[in-house]
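A.B. asks: Structure below; questions to follow.
The values are calculated or read from the model by the stated rules, or taken from the named source; none is laboratory data. Note that the structure is predicted; figures quoted are calculated from it, not measured. Positions of Cβ are backbone-derived with ideal geometry, glycine not excepted, and every protein chain shown enters the neighbour counts. Calculation scope for accessible area: heavy atoms of the full protein, side chains included, ligands and nucleic acids excluded. Shrake-Rupley method; radii C 1.70, N 1.55, O 1.52, S 1.80 Å.
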Amino acid sequence: LQGSTSPPRGREPGEREEAPGAMAIPSPARNPTEVQMSQLVLPCHTNHRGELSTGQLLKWIDTAACLSAERHAGCPCVTASMDDIYFEHTISVGQVVNIKAKVNRAFNSSMEVGIQVSYEDLCSGKHHSICKAYATFVAQSPSGGKVKLKPLTPQTEEEKIEHSIAAERRRMRLVHKDTLKDLLTRSPRETELETRDGSVAVPAEKTRVESVELVLPPHANHQGNTFGGQIMAWMENVATIAASRLCHAHPTLRAIEMFHFRGPSQVGDRLVLKAIVNNSFKNSMEVGVCAEAYSQDMSVSRRHINSAFMTFVVLDQEGKPRTLPMVAPEPGDGERRYREASARKKIRLDRKYVVSCKQTEVPLSVPWDQSNKVYLSYNNVSALKMLVAKANWALAREKEKVRMYTLEEDKFLSFRIEMSVHIAASRAFSLLSDLRRRHEWDRHYASAELVQQVDDDDMIYHVVSQTLSSENKPQDFVILASRRKPCSKGDPYVVAFRSVTLPTHPANDNFTRGETICSGFCIWPESEEMSKVAYYNQATPGYLNYVTSNVTGLSSNICATFEACEKFLLKNKEDLFTRLQDL
């Protein structure tokens, strides 16, 4: 067999049946939605260099993800979108592609499937990561309507983290278009063409490709709809041709921006695939590609099925990217695509820098601007959710109703302090997310000024602390506060804090600039009038002595501060409108 998928749960291949009365050895619980696929790369799967075609890989990824989604839904599912994919390595003939897919979270009628792709060299036994992807699938009934999905309960620490952050990724997908529009609105309208020594600009029109495909039964799934992976493979093919026409070489696909399927196509449809190089940067180029469908009845207009943007490079003999020719866009739509490609590149860099990097690989305070606000907000909330989902929290102290936990990791010491408070969770969320009121219960805060109301969920504050630094000056912070209401039942209210830098509020000689990596509140409703309030903090070096003194019992400042927080919440548990109604 060249390819295989994991069998249904039960006895594994080669596993012997237990003799009657034998003691069963418990095996670790396996996610019921998990699907594993292994494919041996054959010559028919490769390009001229003997490397696995990215289009073929996309088909395998989509198939594995769809099987995982259908395991959870119990009914047919269709691909709604595929998030950005960054390819780390190429795969050669004779190597094995291993794909693992499982549902991270189910929403109402859609679900996020996480996919991990690696390859295995059978001769050396080495394994290498290829990419990680997230796909959104929608469950459909036999009549074509949407199906309400059952919730998914995560079991392991990794699953709990992915389940929690899935809501943030969903939020980021929904605002992706608005982020691009906002960046273009604030950018100069004129198109500035880059100049390179000795390079002549190639008219973008010369890279244009148009191709048609007839959807046959082998291209469709068991519902008669064209495989999402097949459409992605056809799109990758025409995009590669367009890129080749610019560089007159064989390009390598490095990244794919989000695929979004606008509608289905069926067996018998004709798919028209169009591609053109939108912009050429020094070492990479962006190719825009779209797919349109039409039936045999030519009187019916074409349907826009999908659009995507692919980033290609051309590698020299040493595997390093070559300098590429410039592109001269056509007036009108061509110039618009040229500007949008530049904006998308900036967004990709922001997203990769802010979202994809590990916390220890980026500065504590990341520069904030309008174009990266979505990704900073995502990173802020996701970092806190990852901290919350950690499994190794240990109870360090308990003082009356207040419980203090610690989490010791290689690089960080984190603490969590929690208590149950007689207040509605929504009201506690409203009070604790406004840093301007924190000085009312936290004696370390002198003041907090709202510097910028980014949107309804994100605010930037300039905070001045009462605490004196080693230089005998008060500390100040520039903090991004990101709020999130529960996405579904069982989710907490979240208020996340992290340091950012603002050109309007640089460090000055009157203060010692402090920073926070990751901190914030999670509030779980226990009843209509009762909530569990928990505060998390990943201690920075300057804060470490204060934390360890409290953990070891040499100080009770943190517990006392949290008790003051409870009194503040109880005092303000009813908002002004409720008080007026009572009067």
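A.B. asks: Points 7 angstrom from Cα along the Cβ direction at ARG245 and CYS44: gap in nanometres?
C.D. replies: Distance between label points: 3.0 nm.
A.B. asks: Let me ask something additional. Rounding to the nearest 20 debye, state how big the charge dipole of segment 31-178 is about its Cα centre with +1 on each Lys and Arg Cβ and -1 on each Asp and Glu Cβ.
C.D. replies: Dipole about the Cα centre, nearest 20: 500 debye.
A.B. asks: Please give the contour-minus-distance gain from CYS75 to LYS177: 0.36 nm per residue of separation, less the Cα-Cα distance, rounded to one decimal in nm.
C.D. replies: Full extension of this stretch gives 33.7 nm more.
A.B. asks: What is the distance in Å between the Cα centroid of segment 388-427 and that of segment 266-331?
C.D. replies: 50
A.B. asks: OK, next. Return the loop-located trypsin sites (Lys or Arg not before Pro) in segment 227-272 (DSSP other than H, G, I, E, B) with at most 15 other Cβ atoms within 10 Å of their own Cβ; answer none if there are none.
C.D. replies: The qualifying sites are ARG262.
A.B. asks: What lysines does LYS411 reach when the alpha-carbon gap must be under 16 Å and sequence neighbours fewer than 8 apart in one chain are set aside?
C.D. replies: Within the straight-line limit of under 16 Å, LYS411 reaches these lysines: LYS358, LYS390.
A.B. asks: Beyond 24 Å between alpha-carbons counts as too far, so tell me which of LYS100/LYS274; LYS181/LYS385; LYS59/LYS373; LYS206/LYS282; LYS160/LYS399 fall in that bin.
C.D. replies: From the list (LYS100/LYS274; LYS181/LYS385; LYS59/LYS373; LYS206/LYS282; LYS160/LYS399), the Cα-Cα distance tops 24 Å for LYS100/LYS274; LYS181/LYS385; LYS59/LYS373; LYS160/LYS399.
A.B. asks: Sticking with this structure for a sec: Pull up the cross-link candidates among the lysines for LYS573, meaning alpha carbon to alpha carbon under 17 Å and not fewer than 8 places away within one chain.
C.D. replies: In chain and number order, the partners are LYS532.
A.B. asks: While we're here: Of the GluC sites (Glu not before Pro) in segment 87-122, which ones lie in a loop per DSSP and count no more than 14 other C-beta atoms within 10 Å?
C.D. replies: Those satisfying the criteria are GLU88.
A.B. asks: Also, quick follow-up: In segment 36-110, what percent of the accessible surface is made up of carbon and sulfur (1.4 Å probe, ligands and nucleic acids excluded)?
C.D. replies: Result for segment 36-110: 50 percent of the exposed heavy-atom area is carbon or sulfur.
A.B. asks: Return a whole-number percent for the relative contact order of segment 376-506, with Cα pairs under 8 Å and 6 or more residues apart as the contact set.
C.D. replies: The value is 17 percent.
A.B. asks: If you stretched the chain out fully between THR323 and VAL451, how much longer would it get, using 0.36 nm times the residue separation minus the C-alpha to C-alpha distance?
C.D. replies: Extending this stretch completely gives an extra 41.8 nm.
A.B. asks: Which trypsin sites (Lys or Arg not before Pro) from segment 72-139 combine a DSSP loop assignment with at most 13 other Cβ atoms within 10 Å?
C.D. replies: Qualifying residues, ordered by number: LYS126.
A.B. asks: Hey, got the dipole for segment 363-572? About the Cα centre, +1 on K and R Cβ, -1 on D and E Cβ, debye to the nearest 20?
C.D. replies: In total the dipole reaches around 280 debye.
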